[in-house]
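Here's the structure we're looking at; comments come further down.
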Ligand code: PMP
């Protein structure tokens, strides 16, 4: 298990320096990075850490639930080699499924809105999965509706992974993300901040952290409007609400604008040398807003993926020098 380390520590300190038997062993146990430059504007009693989920082999937090969904289904016989794994995804879960299916020898089909980023489409195709595109104007809900109809017509052909309703999604975080955050902060975490998409990250991590310490505050982050540039996040008031969503787990839900999320991500890159995606920028903005109100606390914010996945988007349009 990793300890917390600062961005200046050499990567060689990580346990991962040893030999790896399977790429799937590189899922979970991600580092916690202290954000010292942001701490300077906070009360001296407040610590701020980021859970760096792009360290997973598939490059995002979604490796955790995808692996758990697949391995739970293998165990109880829902997934066998004569079936095709299928699901709808905004991209990161698709990448995770495609990579894990490549390792385990399953056929994989990913349903996504056509306007998903070019990087995502190419990565999924590189792992050998098939991509089915849906109407970009119908967003992720359109992809969900499409896959449901397809599976209903061919129930024998597919294993429908159904990340929005599959409890294996949140259980992955209950069993891995939460204990890691707990151990990495020495049980001192007071606030956990994460974006809401399928809500698996917050539902699973939050449930476990509350069991470990009922005082821990859970802050869920969503876009402040139905149409937004925060890939991976859902505006729950207007979207199909995921079956695994449990509103009672979360203490506070905050809406973040695309502009504020981009601004936070850009500041993070320039100040800390950490390049993240837009949903991580939104989570950082929300975490900073919470941290500013505290005199003491250990705030952990989860960064789902890296900015390299969004180089072709508006977030990383060429910036002038400082
Ligand atoms: N950010 C990104 C970039 C994502 O891909 C996802 C997954 N949809 C999330 C945030 C939200 O995570 P979750 O589905 O666990 O709520």
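The values are calculated or read from the model by the stated rules, or taken from the named source; none is laboratory data. Fair warning: this is a prediction, and the values are worked out from it, not measured in the lab. Cβ placement follows ideal geometry from the backbone for every residue including glycine, while neighbour counts extend to all protein chains displayed.
Just give me the residues in the range 20-58 being in a loop (DSSP other than H, G, I, E, B), within 28 Å of residue 87 (Cα to Cα) and touching a strand residue (DSSP E or B) at 6+ places or on another chain (Cβ under 6 Å), in sequence order.
30
Regarding the range 237-246, can at least one residue be identified that is touching a strand residue (DSSP E or B) at 6+ places or on another chain (Cβ under 9 Å) and at pLDDT below 95? Outline the logic, then answer.
Narrowing the range 237-246 to residues touching a strand residue (DSSP E or B) at 6+ places or on another chain (Cβ under 9 Å): 237.
Filter once more, so that each one left must be at pLDDT below 95: 237.
Yes: one or more hits.
Taking the range 261-307, which residues are out of contact with any helix residue (DSSP H, G or I) (no Cβ under 9 Å at 6 or more places or on another chain), more than 19 Å from residue 43 (Cα to Cα) and in a helix (DSSP H, G or I)?
Result: 270, single match.
Tally time: how many residues in the range 88-104 are more than 9 Å from the ligand (Cβ to nearest atom) and surrounded by fewer than 24 Cβ atoms within 10 Å (Cβ to Cβ)?
Residues meeting the conditions: 4.
Just give me the residues in the range 191-220 being out of contact with any strand residue (DSSP E or B) (no Cβ under 6 Å at 6 or more places or on another chain) and either within 12 Å of the ligand (Cβ to nearest atom) or not assigned by the TED database to the domain that holds residue 303 (or both), in sequence order.
197, 198, 199, 200, 203, 204, 205
Name the residues in the range 60-87 that are within 14 Å of the ligand (Cβ to nearest atom) and part of a helix (DSSP H, G or I), would you? Reasoning before the result, please.
Just the residues of the range 60-87 that are within 14 Å of the ligand (Cβ to nearest atom), to begin with: 60-69, 87.
Residues satisfying the conditions are 63, 64, 65, 66, 67, 68, 69.
Return the residues of the range 101-127 that are part of a helix (DSSP H, G or I) and closer than 22 Å to residue 154 by Cβ; say none if nothing qualifies. Can you show your working first?
If we filter the range 101-127 for residues that are part of a helix (DSSP H, G or I), which is where we start, we get 101-104, 118-126.
Passing the criteria: 101, 104, 124.
State all residues of the range 221-255 that are within 13 Å of the ligand (Cβ to nearest atom), over 16 Å from residue 314 (Cβ atoms) and assigned to a strand (DSSP E or B); if no residue qualifies, say none.
221, 222, 253, listed by residue number.
Which condition does residue 169 not pass, out of (1) in a helix (DSSP H, G or I); (2) modelled with pLDDT under 95; (3) under 19 Å from residue 233 (Cβ atoms), if it passes all the others?
(2)
Let me confirm something: among 197, 204, which residue is closer than 19 Å to residue 304 by Cα, assigned to a loop (DSSP other than H, G, I, E, B) and in contact with a helix residue (DSSP H, G or I) (Cβ under 8 Å, 6 or more places away or on another chain)?
On the way: 204 fails: assigned to a loop (DSSP other than H, G, I, E, B).
Answer to the check: 197.
In the range 128-162, what residues are in a helix (DSSP H, G or I) and more than 24 Å from residue 74 (Cα to Cα)? Before you say what the answer is, go through the steps one by one.
Going through the range 128-162, the residues in a helix (DSSP H, G or I) turn out to be 136-153.
If the condition is that a residue be in a helix (DSSP H, G or I) and more than 24 Å from residue 74 (Cα to Cα), then 136, 137, 138, 139, 140, 141, 142, 143, 145, 146 are the ones that fit.
Checking residue 159 against (1) modelled with pLDDT of 95 or more; (2) buried (at least 16 other Cβ atoms within 10 Å of the Cβ); (3) under 16 Å from residue 51 (Cβ atoms), which test does it fail?
In the conditions (1) modelled with pLDDT of 95 or more; (2) buried (at least 16 other Cβ atoms within 10 Å of the Cβ); (3) under 16 Å from residue 51 (Cβ atoms), residue 159 misses (3) alone.
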